[in-house]
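See below for the structure under consideration.
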Amino acid sequence: MAFQRRTRQPQPSAAEQANLFQNRPPTMESYREGYPRLAAFLNSEKEFTAFRHFGQVHVRLLLEKQDEIAQLEERLDQLDKNETNDFALRTRREHPRSDERRALFAELEAKVVSYDTLLDLYLRQTQWPRVKDGNAESIANWMRANKPIVARESTFLNNWDDLVAPIITTTNTQTVFDGWIAACAVLLHKLGLVKVFATSTDLLKSSNPHVVRVTKDRISIGTRLLTSILAILALTMPVVLLYSIRSIAARIKVVAVCSSGFAMFISFISQGRPIEVFSTTATYCAVLVVFLTYLPEELG
């Protein structure tokens with residue numbers, strides 16, 4: 001009886017063990033030029049996931065199928081009108097249907113199922129968010145600089161209105177501040193401060209020095225910090241003005257101007273509904289009015 005000798009597996013070296021189970025994503029440049037590298041770039045960030053949904057083509061197909069069903073519907077109505085036996089229209093079980101009617105129902109069913117499937121897919125796509133212009137511009141800039149595919153096959157970026165993005169559920173509402181912080185991240189990247197808004201893992205995704213990587217968490221921290229600073233200024237600056245003004249009428253004008261400016265600023269930077277902007281402005285105005293009532297009537 002023969003026994004197979006068990007071979008001993010070689011043990012990894014200390015250097016190999018140190019590299020095991022480490023978060024070391026492959027860089028985009030490690031993929032071959034062409035569609036492999038383009039796919040790596042579009043998959044590197046959710047914001048860069050952009051595909052055409054061919055809305056106009058979907059509608060053309062739906063119109064085509066819709067008219068085909070309408071023609072079949074007219075044929076069915078004509079068959080019903082031409083039926084000489086009234087009992088045939090009162091029962092399906094007890095009166096055999098003609099071959100023409102059975103074939104028409106089979107064709108009508110196939111057309112309706114195909115139409116409903118395409119209509120359902122199209123209506124789902126209409127709920128997908130459109131790619132933001134800033135993200136589309138970033139993709140276009142990368143495509144211009146790297147030219148991963150031939151120009152003839154890059155035309156999908158010629159119609160930004162037809163590009164759709166994945167639905168990203170987040171509890172943070174994006175504001176103008178996010179764009180400001182992102183612009184600061186680009187400026188700091190040009191100055192060589194690449195780790196201010198990016199982690200080491202983000203920097204590993206690309207070895208191209210012209211590709212700016214940012215971390216959403218750090219952008220969010222920068223946005224919160226900027227929001228806090230502006231909120232403090234929005235409250236302290238009117239207080240300083242009210243203390244420095246002696247006239248009661250002038251103080252009231254300061255409150256009115258500051259409240260109006262606050263309302264316009266909130267409307268500009270946020271995506272809140274009008275009722276939310278109104279309630280926020282009313283609260284801000286109430287704080288200033290309460291503070292105004294505790295000021296002396298005239299400062300000496």
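The values are calculated or read from the model by the stated rules, or taken from the named source; none is laboratory data. Quick caveat, the model's predicted, so the values are computed rather than measured. Heads up, the Cβs are rebuilt from the backbone with ideal geometry, glycines too, and the neighbour counts pull from every protein chain shown.
Given the criteria at pLDDT below 85, farther than 21 Å from S30 by Cα and either of a type outside the set (A, V, I, L, M, F, W, C) or loosely packed, with under 13 Cβ neighbours inside 10 Å (or both), does I181 qualify? So that I can check it myself, show each step before the final result.
On the way: at pLDDT below 85: yes; farther than 21 Å from S30 by Cα: yes; either of a type outside the set (A, V, I, L, M, F, W, C) or loosely packed, with under 13 Cβ neighbours inside 10 Å (or both): no.
In short, no.
Of everything in the range 246-271, what is farther than 29 Å from G134 by Cα and either hydroxyl-bearing (S, T, Y) or buried (at least 16 other Cβ atoms within 10 Å of the Cβ) (or both)? Give them in sequence order.
First pass over the range 246-271, keeping only residues farther than 29 Å from G134 by Cα: 246-260.
Across the range 246-271, the qualifying residues are S247, R251, V254, V255, C258, S259, S260.
Which residue is farthest from A234 (Cα to Cα), if the candidates are limited to the range 255-270 and must be touching a residue at least 24 places away in the same chain (Cβ under 8 Å) and aliphatic (A, V, I, L, M)?
I269
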